1. Say we look at region A:135-160 and pick out the residues that are surrounded by fewer than 20 Cβ atoms within 10 Å (Cβ to Cβ) and over 24 Å from A:L3 (Cβ atoms); which of these is nearest to the other protein chains (Cβ to nearest Cβ)?
2. Given the criterion within 14 Å of another protein chain (Cβ to nearest Cβ) and not acidic (D, E), identify the matching residue among A:N33, A:N56.
3. B:I287: aliphatic (A, V, I, L, M) and surrounded by fewer than 21 Cβ atoms within 10 Å (Cβ to Cβ), yes or no?
4. Are any residues in region B:120-134 open to solvent by 20 Å² or more (accessible area, probe 1.4 Å), within 16 Å of the chain's Cα centre (by Cα) and not aromatic (F, W, Y), and if so, which ones?
5. Kindly check whether there is at least one residue in region B:247-255 that is open to solvent by 20 Å² or more (accessible area, probe 1.4 Å) and modelled with pLDDT of 95 or more.
6. Being more than 13 Å from chain B (Cβ to nearest Cβ), part of a helix (DSSP H, G or I) and touching a residue at least 60 places away in the same chain (Cβ under 8 Å) narrows it down to one of A:L51, A:L93, A:L21, so name that one.
7. (1) open to solvent by 40 Å² or more (accessible area, probe 1.4 Å); (2) at pLDDT below 95; (3) on the phi > 0 side of the Ramachandran plot: which one isn't true of A:Y213, the others all being true?
8. Here is a list: A:F228, A:F241. Which entry is buried (at least 24 other Cβ atoms within 10 Å of the Cβ), farther than 27 Å from A:E132 by Cβ and more than 14 Å from chain B (Cβ to nearest Cβ)?
Protein chains: 2
Amino acid sequence: MKLASLKGGRDGQLILVSRDLKSAVHVGQLVPNLQTALDDWSHYEPQLQALYQQLNTGELSGAFAFDPRACSSPLPRAYQWADGSAYVNHVELVRRARGAEVPESFYQDPLMYQGGSDSFIGPCDDIPLGSEAWGIDFEGEVAVITDDVPMGTTAQQAGQHIKLLMLVNDVSLRGLIPSELQKGFGFFVSKPSSVFSPVAVTPDELEDAWQDYKVHLPLKVDFNNEPFGRADAGKDMTFDFAELVSHAAKTRPLGAGAIVGSGTVSNKQPVNAESAIHNGGIGYSCIAEVRMIETIYSGKPSTPFMRYGDRVRIEMRNARNESIFGAIDQQVVSYCE
Amino acid sequence: MKLASLKGGRDGQLILVSRDLKSAVHVGQLVPNLQTALDDWSHYEPQLQALYQQLNTGELSGAFAFDPRACSSPLPRAYQWADGSAYVNHVELVRRARGAEVPESFYQDPLMYQGGSDSFIGPCDDIPLGSEAWGIDFEGEVAVITDDVPMGTTAQQAGQHIKLLMLVNDVSLRGLIPSELQKGFGFFVSKPSSVFSPVAVTPDELEDAWQDYKVHLPLKVDFNNEPFGRADAGKDMTFDFAELVSHAAKTRPLGAGAIVGSGTVSNKQPVNAESAIHNGGIGYSCIAEVRMIETIYSGKPSTPFMRYGDRVRIEMRNARNESIFGAIDQQVVSYCE
């Protein structure tokens with residue numbers, strides 16, 4: 001099942017989107033928005049699934065052409081957004097670029113930061129930011145949405161709480177990270193509003209690609225209309241989504257609609273220029289990663305961060321080359337107060 | 001105006017509470033819950049204020065005795081909870097206890113961490129936690145709730161966005177903080193669900209004590225029924241609430257209902273045993289602070305963290321000794337899955 005939220009009101013207007021992303025139908029007569037559906041998922045999910053089957057077979061009246069540009073993030077605002085860093089290869093590159101070791105514990109105890117969740121940006125909307133000097137970067141990720149997860153839920157139990165999946169652009173301000181981390185209070189101002197794919201999908205939409213609570217498909221990241229990253233989200237993921245959800249619930253429960261992210265998708269590959277797609281590599285899901293690789297093999301980074309007008313596109317396609325989540329497709333613009 | 005949320009449903013049932021905290025009245029016929037009221041505050045606030053005047057003069061039918069134990073936190077769940085550390089004296093003690101300096105920038109650039117906001121605990125409810133070895137501590141704080149705050153709002157503009165105030169118990173797990181901070185991703189698992197006072201109040205309820213976007217009253221913290229802290233929330237606050245809100249909105253907007261906290265209230269006083277209330281001092285708003293003072297003057301901490309069954313009570317009274325927010329009054333208990 002595919003769900004999206006048309007812009008309108010603080011929580012959007014829930015629509016069902018056909019499997020081929022071509023048509024959609026309002027379901028406001030059943031449930032007004034995605035948060036309300038998630039608040040009572042076992043009640044709404046079967047009814048939404050029944051409508052979804054009818055939408056796909058063309059039996060449903062009232063269907064209209066689906067336009068991702070009319071969408072907010074599936075949850076325009078949420079109560080919980082916790083983002084892991086499950087691809088430890090990315091962390092290894094961060095550390096190696098500054099000559100530090102990766103502690104052994106990073107392979108047993110997930111890295112996770114608390115994100116802000118009150119002001120997500122729509123999937124095709126501009127990202128307004130106050131300064132190019134902030135070191136603007138995208139991060140291509142996968143995320144899950146859960147129902148209520150009790151505190152202390154084990155990784156073995158956590159998988160059953162995963163109800164939906166999305167893609168993420170975890171916008172990051174690399175220039176502000178060092179001073180924030182020096183304070184010891186986390187990323188805070190260096191993590192502005194995040195962006196999610198037009199469509200959230202139930203795990204069955206991934207078919208065989210959803211295995212062991214990982215998504216075994218490449219994440220397509222294009223930067224300014226050029227292929228930039230094709231890392232496989234199922235490879236080199238040190239912690240699967242069940243483990244990430246369990247970690248997020250270690251010392252507190254998670255409320256229905258909690259979003260838990262994977263962190264930047266990153267695969268192991270040669271730490272040199274051959275890692276770039278145009279040189280036959282699988283590329284990168286964020287600019288920081290190529291800059292770290294450049295630093296390691298040439299002493300300094302050469303790829304600049306995003307400038308106003310730069311575009312990023314993040315999408316995932318199945319084995320039949322069909323888009324699963326629709327595409328995050330947006331540019332960075334100057335914010336004028 | 002004083003507002004509270006009776007338990008019931010995920011977002012509680014909004015009630016108005018009389019100025020003396022003795023009676024209350026349902027306002028569900030006007031607006032079902034506090035988040036909905038904050039989503040359109042300029043519309044609801046005058047109508048709620050009119051009902052509040054009638055409640056205080058006894059003109060309103062349907063009033064009932066107010067019981068804080070029947071309340072959830074005013075916002076049982078929220079979209080944004082950002083907590084500062086505005087009393088830099090507290091940070092100075094943290095650093096001094098481990099022999100480190102406070103960077104000069106800490107006096108210009110606020111410390112703030114992103115909190116989780118999907119599962120707040122009620123003001124008189126138990127705090128269930130998985131292990132006493134986690135180093136369980138309370139933190140007595142003040143917090144504000146805002147309406148929509150545009151990105152880039154200056155400190156000069158931010159004050160007008162402050163609509164309500166509350167007290168906070170920012171529950172902290174001191175034993176988990178070092179390993180979380182070592183990861184560089186913030187406090188995450190070391191900050192479990194927070195707790196807010198039974199009642200949220202409009203700034204006018206503070207009368208003259210609300211000056212310069214600070215609350216000039218002592219925060220009464222009792223630990224196991226003994227006075228533990230009486231620090232003045234208006235003193236030694238390096239950043240006022242307007243500055244904290246502005247900082248929180250530096251790189252993103254804040255959505256209506258955003259909660260921004262002060263951090264542990266802490267006043268400068270002699271760094272020795274005279275700081276304790278039973279020795280004539282003003283005490284502490286968290287256990288960590290007395291342990292740091294003990295470390296500085298005696299080489300090691302001697303006050304233990306909370307054990308199961310330990311109680312904390314956090315309240316603020318005005319010059320007439322009237323409770324403003326009601327009291328957070330709760331014990332820590334063992335969490336059984």
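The values are calculated or read from the model by the stated rules, or taken from the named source; none is laboratory data. Predicted, not measured: the structure shown is a model, and the values here were computed from it. Cβ coordinates were reconstructed from backbone atoms using ideal geometry, including for glycine residues, and neighbour counts include every protein chain displayed. The protein model used for the area step is the full one, side chains on, heavy atoms only, and it has no ligands, DNA or RNA in it. Shrake-Rupley method; radii C 1.70, N 1.55, O 1.52, S 1.80 Å.
1. Selected residue: A:G152.
2. Checking each option against the conditions leaves just A:N33.
3. no
4. Once the filter is applied, which keeps residues that are open to solvent by 20 Å² or more (accessible area, probe 1.4 Å), within 16 Å of the chain's Cα centre (by Cα) and not aromatic (F, W, Y), region B:120-134 yields B:I121, B:C124, B:D125.
5. Yes: region B:247-255 contains one or more residues that are open to solvent by 20 Å² or more (accessible area, probe 1.4 Å) and modelled with pLDDT of 95 or more.
6. So the residue among A:L51, A:L93, A:L21 that is more than 13 Å from chain B (Cβ to nearest Cβ), part of a helix (DSSP H, G or I) and touching a residue at least 60 places away in the same chain (Cβ under 8 Å) is A:L93.
7. Of the numbered conditions (1) open to solvent by 40 Å² or more (accessible area, probe 1.4 Å); (2) at pLDDT below 95; (3) on the phi > 0 side of the Ramachandran plot, the odd one out for A:Y213 is (2).
8. A:F241
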